[in-house]
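Have a look at the structure below, then the notes.
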Amino acid sequence: MSKYNIDTVLKVRLRHAPGQLARLAQAIAEEDGVIGDITTVKVQDRWSERDITVETMNDAHTTRLVARVGALDGIEVLAVKDRVFEAHQGGKLHSTSRIELRQLADLRYIYTPGVARVARAIEKDPSLAWELTGLGSSVAICTNGTRVLGLGDIGPVASLPVMEGKAVLYDKFVGLSATPILIDEKDPEKFVETVVRISRGFGGIHLEDIRVPDCFAIEDALKKRLDKPVMHDDQHGTATAALAAILNACKLTGIELRRAKLGQIGLGAAGSAIARLALTYGVGEVLVTDPNPAAVAWLESLGARGTNLATLLASADIVVATTGKPGLITKQMVRPRQVIFALSNPDPEIDPDDALAAGAAFAGDGRAINNALAFPSLFRAALDLRSRAIAPEMLVAAAEAIAAQADAGEIVPSPLKPGVHEAVTLAVAARARELGLAGTARV
């Protein structure tokens, strides 16, 4: 099925006559466009103006459709707006103050001379920074832009819209202040050194869109050097959301996960983390396959069993694929009653409808996995407890809480569902306390 990824608003002026809107709709349909919202802006005796949202597959498709509409007799295209670019005008972030500044006394309290007293207090007891500054509710989103979404190495500046998007989710979902930090450095050791040097001003370090295998080395090094939570979201946020979806898929299909075989195809950042979290959860057996023998050997050292693609598909009860190879799994490879998550975007390893037609008990693609369900609450809980780490057991607690928030018929809840992030935060915080991590972070 074609993917309609672009929403375009056409501002059109139509001759006020019978059938004009129908002719416009027919032209859009004939160009394989999908009509969304239609808003009437103005109606006059001879003309009407309307904003029409049209979904298209790519830029070339949009251009073709606009040209077709513009060629219709009695219909004029006044403007064409891309909703995504409109939303990004001026950027998505703006720093604001939590303190009102109305009179001279306010200035004396928050700035000189009063602020010097707070600075002296923190000098004597650095832990006061958790309470007297924004440190305890702040996250640095650090990237070098070497592996951005499915776009590859596009560089740190081009990655900024993605980092801003992450920061919006932190603010709106859990009230954390997140700041994109663009690091123009591909060398892992130099990247780590840069993060260490800027880390003092943040309560946690969120790593994002860093290529494999650099992301593994960078995360490990930062966890060793910093006494504050560090997490690579492409690994662990994705794995947490994936485990939540797997838990509910097993519930729907009657599979007992702790006695089942889970097969992970592809051991990049997301795939390797999914396999590791499955091991932490206690899945009966975790099978892995990847063209890179070193990646397989690493997971084997952690308790997984390496195998080939055919054997994995023939024996696994749950199959997760994160290979970036559309069509890798054919209908003939699907075993009856399997659960299949083909997560590569924008095109999965097998279309869910094809997997179901081949006998799968459940099938989902990348739309079933949204790490926005995980990373905001994981950091919120870690910062609330001043935990020096986000432990694997905390990821499991988050996955279980996310799964529990899904409504009937859902695999995972919407990230916009009221209460979901609070529930996940509470579950993660409780697990962190059990692990003895409360109060272990250092500024």
Farthest toward positive dipole pole in the chain [+1 Lys/Arg, -1 Asp/Glu at C-beta], among His61, Gly359, Ser127: Ser127
Gap separating the Cα centres of region 95-142 and region 252-279, nearest whole Å: 45 Å
Cross-link partners of Lys261 among lysines (Cα-Cα below 18 Å; sequence separation of 8 or more within a chain): Lys251
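Does region 1-147 come out rounded, prolate or oblate by the C-alpha gyration tensor, with a ≥ b ≥ c the root eigenvalues, rounded set by a/c under 1.5 and, if not, prolate when a/b is larger than b/c and oblate if not?
Details: a/c = 5.51, a/b = 2.56, b/c = 2.15.
It is prolate, given that a/c is not under 1.5 and a/b is the larger ratio.
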Reach of Lys3 by Cα under 22 Å, taken over lysines that are not fewer than 8 positions away in the same chain: Lys81, Lys325, Lys331
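Compute the signed sum of charges (Lys and Arg +1, Asp and Glu -1) over the other residues within less than 13 Å, Cβ to Cβ, of His236. Provide the component values of the computation, followed by the final result.
Numbers: positive: Lys223, Arg276; negative: Glu208, Glu219, Asp220, Asp233, Asp234, Glu393.
So the environment of His236 carries a net charge of -4.
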Where GluC sites (Glu not before Pro) fall in DSSP loop in region 72-111, at most 10 other Cβ within 10 Å: Glu100
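Just to confirm a number: summing +1 for Lys and Arg and -1 for Asp and Glu over residues other than Ser315 whose beta-carbon lies under 13 angstrom from that of Ser315, what do you get? Spell out each step's value before the answer.
Working: positive: Lys261, Arg305, Arg335, Arg337; negative: Glu285, Asp317.
Summing Lys and Arg as +1 and Asp and Glu as -1 gives +2.
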Distance from region 31-77 to region 401-435 (C-alpha centre basis), Å: 41 Å
Calculated diffusion of region 101-141, Stokes-Einstein form, Kirkwood radius summed over Cα pairs, 20 °C and 1.002 mPa s, µm²/s: 188 µm²/s
Backbone HN-Hα couplings from phi across region 278-284 [Karplus 6.51/-1.76/1.60, Hz, Gly and Pro as x]: 4, 5, 4, 5, x, 4, x
Sites matching GluC sites (Glu not before Pro) across region 211-317 that sit in DSSP coil, with at most 14 neighbouring C-beta atoms within 10 Å: Glu256
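If you add up the charges near Asn248, with Lys and Arg at +1 and Asp and Glu at -1, over every other residue whose beta carbon is less than 12 angstrom from its beta carbon, what do you get? Please report the intermediate quantities before stating the final value.
Values: positive: Lys251; negative: Glu400, Asp407, Glu410.
Value of the local net charge: -2.
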Net lengthening on full extension, Ser127/Ala79 (0.36 nm per residue, minus Cα-Cα): 11.7 nm
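I need the per residue convex hull volume for region 64-108, using only the alpha carbons, in cubic angstrom as a whole number. List each step's numbers first, then the result.
Working: hull volume 5.4 nm³, N = 45.
Normalising the Cα hull of region 64-108 by residue number yields 120 Å³.
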For region 253-265, Karplus couplings with θ = phi - 60° (6.51, -1.76, 1.60), whole Hz, Gly/Pro x: 9, x, 8, 8, 4, 6, 10, 9, 9, 10, x, 10, 9
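Ranking Ser138, Ser95, Ser315, Ser159 by Cβ neighbours within 10 Å, fewest first, what do you get? Kindly include the intermediate steps, with their values, before the conclusion.
On the way: Ser138 18, Ser95 6, Ser315 14, Ser159 25.
So the residues, fewest neighbours to most, are Ser95, Ser315, Ser138, Ser159.
Quick one: Val162, Val320, fewest Cβ neighbours within 10 Å first, how do they rank?
Details: Val162 19, Val320 29.
Ordered by Cβ neighbours within 10 Å, fewest first: Val162, Val320.
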Dipole of the chain [Lys/Arg +1, Asp/Glu -1 at C-beta], most positive-end residue of Val412, Cys142, Cys215: Cys142
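Among Cys215, Cys250, what is the fewest-to-most ranking by other Cβ atoms within 10 Å?
Details: Cys215 25, Cys250 22.
Listing Cys215, Cys250 from fewest to most nearby Cβ atoms yields Cys250, Cys215.
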In order through region 174-184: 3J(HN,Hα) via Karplus (6.51 cos²θ - 1.76 cosθ + 1.60), integer Hz, x for Gly, Pro: 9, x, 8, 8, 10, 10, x, 10, 8, 10, 7
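Beyond 34 Å, how much of the Cα-Cα pair distribution for the chain remains, as a whole percent? Walk me through the numbers on the way to the answer.
Details: 42235 of 97903 pairs.
The answer is 43 percent, as a whole percent.
If exposed means no more than 16 neighbouring beta carbons inside 10 Å and the site is in a DSSP loop, what's the longest run of the chain without any exposed chymotrypsin sites (Phe, Trp or Tyr not before Pro)?
Numbers: sites that count: Tyr4, Tyr111.
Excluding the exposed sites themselves, the longest stretch runs over 112-443.
Throughout, read-outs are computed from the coordinates displayed, never taken from laboratory work. Because the structure is a prediction, the values reported are computed rather than measured. Note: ideal-geometry Cβ built from the backbone for every residue, glycine included; neighbour counts use all protein chains shown.
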